[in-house]
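A.B. asks: Can you read through this structure? Questions will come right after.
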Amino acid sequence: MGYQVIIPAAGSGRRMGAGQNKLLLKVAGAPIIVHTLRVFESDSDCKRIILAVKPEEREEFERLVKEAGFKKIGAYVQGGGERQDSVREGLSATDGDGVVVIHDGARPFVTADLIKRVVQTAETWGAAIAAVPVKDTIKKVISDQVKETVNRESLWAAQTPQAFRRDLIIRAHQWALENKRTATDDASLVEAMGEAVRIVQGDDRNIKITTRNDLLMAEFIIKTEMRENANAHRTRV
Ligand code: CTP
Ligand code: MG
């Protein structure tokens, strides 16, 4: 065990429509990125956090990290135009030959348990991602017309964390750069090279905060978790 994590945090939050990086928006009194970082800061298996940020936002992120007292940020790297560019920059700051975890700053509800299962699976198989079975009936639509109802049985929605042997994920990103391949997650690049990626059962609560509505969901999840923790504490004492 023992992993380093890259957290891409250099997006612009276009779909949130807040006119600023959504990770700086507050949920339950703290910026989203602070919630996400806290999970890794508290996880004893996490050795080092590499944060990809926009140059003009670096000071702001550094200030938040200092205020929260986080000690594991080993490097800030310059986020790029696309998420993939931000992760690739992050990879250049990794070292050693353990497993590298990649986790979106916009998923604050990841748990140490889920991270552990993804890391362990990647240690055995080389590449692993958290994913959940799709619940909706999925239609393929072109120009407002249904072309096909896709069989749901084999459909999973990919989440982060995603974990990879370091040499494999570096190779995948290099390959993507040379072949001009782009993808919205890192496992896709590994898959495109023909390498196996294993699934780990993710968590419905591990949402990616993308739209305004997700902010409401996030408030609700945090309140629920605080209540659950308080109850667990009461039963212990
Ligand atoms: N991200 C990044 N660099 C980019 C784009 C995205 O580091 N050039 C990060 C985001 O900060 C986020 C994660 O990748 O933590 C997932 O991206 P997404 O949810 O799409 O966030 P945004 O790109 O900010 O949102 P949008 O696509 O709506 O603009
Ligand atoms: Mg985006």
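Any read-out appearing in this document is the output of simple, stated calculations on the displayed coordinates, not a laboratory observation. Just so we're clear, the structure is a prediction, and the values are computed from it rather than from any experiment. Methodologically, a virtual Cβ is constructed for each residue, glycine included, from the backbone with ideal geometry; neighbour enumeration extends over all protein chains shown.
A.B. asks: Straight-line reach only, C-alpha to C-alpha below 21 angstrom: list the lysines that Lys223 could link to, leaving out same-chain residues fewer than 8 apart.
C.D. replies: Candidates past the 8-residue exclusion: Lys22, Lys26, Lys208.
A.B. asks: Hey, another quick one. Using a Förster radius of 30 Å, what is the FRET efficiency between Gln201 and Glu148 based on their Cβ-Cβ separation? Nearest 0.05, please.
C.D. replies: Values: r = 27 Å, r/R0 = 0.90.
Taking R0 as 30 Å, the efficiency between Gln201 and Glu148 is 0.65.
A.B. asks: If you don't mind, another one. Please name whichever of Asn231, Ala192, Val150 sits farthest to the positive end of the charge dipole of the chain, dipole taken about the Cα centre and charges placed at Cβ: Lys and Arg +1, Asp and Glu -1.
C.D. replies: Asn231
A.B. asks: Count of lysine pairs in the stretch 42-139 with Cα atoms under 28 Å apart, counting only pairs 8 or more residues apart in sequence or on different chains?
C.D. replies: Eligible lysine pairs with Cα atoms under 28 Å apart amount to 11.
A.B. asks: Using only helices, what value at 222 nm comes out for the chain when you add -39,500 (n - 2.57) per DSSP H run of length 4 or more and divide by the total residues, to the nearest 500 deg cm²/dmol?
C.D. replies: On the way: 7 runs with 89 residues, N = 237.
That calculation yields -12000 deg cm²/dmol at 222 nm.
A.B. asks: Excluding residues fewer than 8 places away in the same chain, name every one of the aspartates and glutamates whose C-alpha is closer than 17 Å to that of Lys147.
C.D. replies: List returned: Asp136.
A.B. asks: Once you list every other residue whose beta carbon is under 14 Å from the beta carbon of Arg117, what net charge do they have if Lys and Arg are +1 and Asp and Glu are -1? Please list the in-between numbers first.
C.D. replies: Values: positive: Lys116, Arg198; negative: Asp43, Asp45, Asp113, Glu123, Asp203.
Net charge in that neighbourhood comes out at -3.
A.B. asks: Gain in length, Ala183 to Arg234, computed as 0.36 nm per residue apart minus the alpha-carbon separation, to one decimal in nm? Before the final figure, lay out each step's value.
C.D. replies: Details: separation 51, 0.36 × 51 = 18.36 nm, distance 4.54 nm.
Fully extending the segment from Ala183 to Arg234 adds 13.8 nm.
A.B. asks: Find which of Asn213, Gln4, Ala18 sits farthest along the positive direction of the dipole of the chain, computed with +1 on the beta-carbon of Lys and Arg, -1 on that of Asp and Glu, about the Cα centre.
C.D. replies: Asn213
A.B. asks: Quote the convex hull volume per residue of the stretch 1-60, based on C-alpha atoms, as a whole number of Å³. Each step should come with its number before you reach the end.
C.D. replies: Values: hull volume 5.6 nm³, N = 60.
It comes to 94 Å³ per residue, whole-number rounded.
A.B. asks: I need the phi-derived Karplus couplings for the stretch 92-98: 6.51 cos²θ - 1.76 cosθ + 1.60, θ = phi - 60°, integer Hz, Gly and Pro marked x.
C.D. replies: For the stretch 92-98, the Karplus curve yields 5, 9, 7, 8, x, 10, x Hz.
A.B. asks: Then there is this: In a solvent-free Debye calculation with one equal scatterer on each Cα, what is log10 I(q)/I(0) for the stretch 50-109 at q = 0.16, 0.26, 0.27 Å⁻¹, listed in the order of the q values?
C.D. replies: Values returned for q = 0.16, 0.26, 0.27 Å⁻¹ are -0.54, -1.28, -1.32.
A.B. asks: When the chain is fully extended, how far beyond the present Cα-Cα distance does Arg212 get from Met226, taking 0.36 nm per residue of separation? Could you put the intermediate results ahead of the total?
C.D. replies: Values: separation 14, 0.36 × 14 = 5.04 nm, distance 2.18 nm.
Gain on extension, Arg212 to Met226, equals 2.9 nm.
A.B. asks: Additional query: Taking every pair of distinct Cα atoms and averaging 1/r, then inverting, what Kirkwood hydrodynamic radius in Å comes out for the chain?
C.D. replies: One decimal place: 18.6 Å for the Kirkwood radius.
A.B. asks: Still on this structure: Could you tell me the relative contact order of the chain? Use alpha-carbon pairs under 8 Å, at least six residues apart, and round to a whole percent. Don't skip to the answer; put the middle values down first.
C.D. replies: Details: 415 pairs, mean separation 52.2, N = 237.
Averaging sequence separation for qualifying contacts and normalising by length gives 22 percent for the chain.
A.B. asks: Rounded to the nearest 20 debye, what is the charge dipole size of the chain about its Cα centre when +1 sits on each Lys and Arg Cβ and -1 on each Asp and Glu Cβ? Could you put the intermediate results ahead of the total?
C.D. replies: Numbers: 36 positive and 33 negative charges, 100 e Å.
Around 480 debye, computed over the chain.
A.B. asks: Over all Cα pairs of the stretch 108-233, how is the pair count split among 5 Å bins, expressed in % and running from 0 up to the last occupied bin?
C.D. replies: P(r) over the stretch 108-233, rounded to whole percents: 2, 10, 15, 15, 18, 17, 12, 7, 3, 1, 0.
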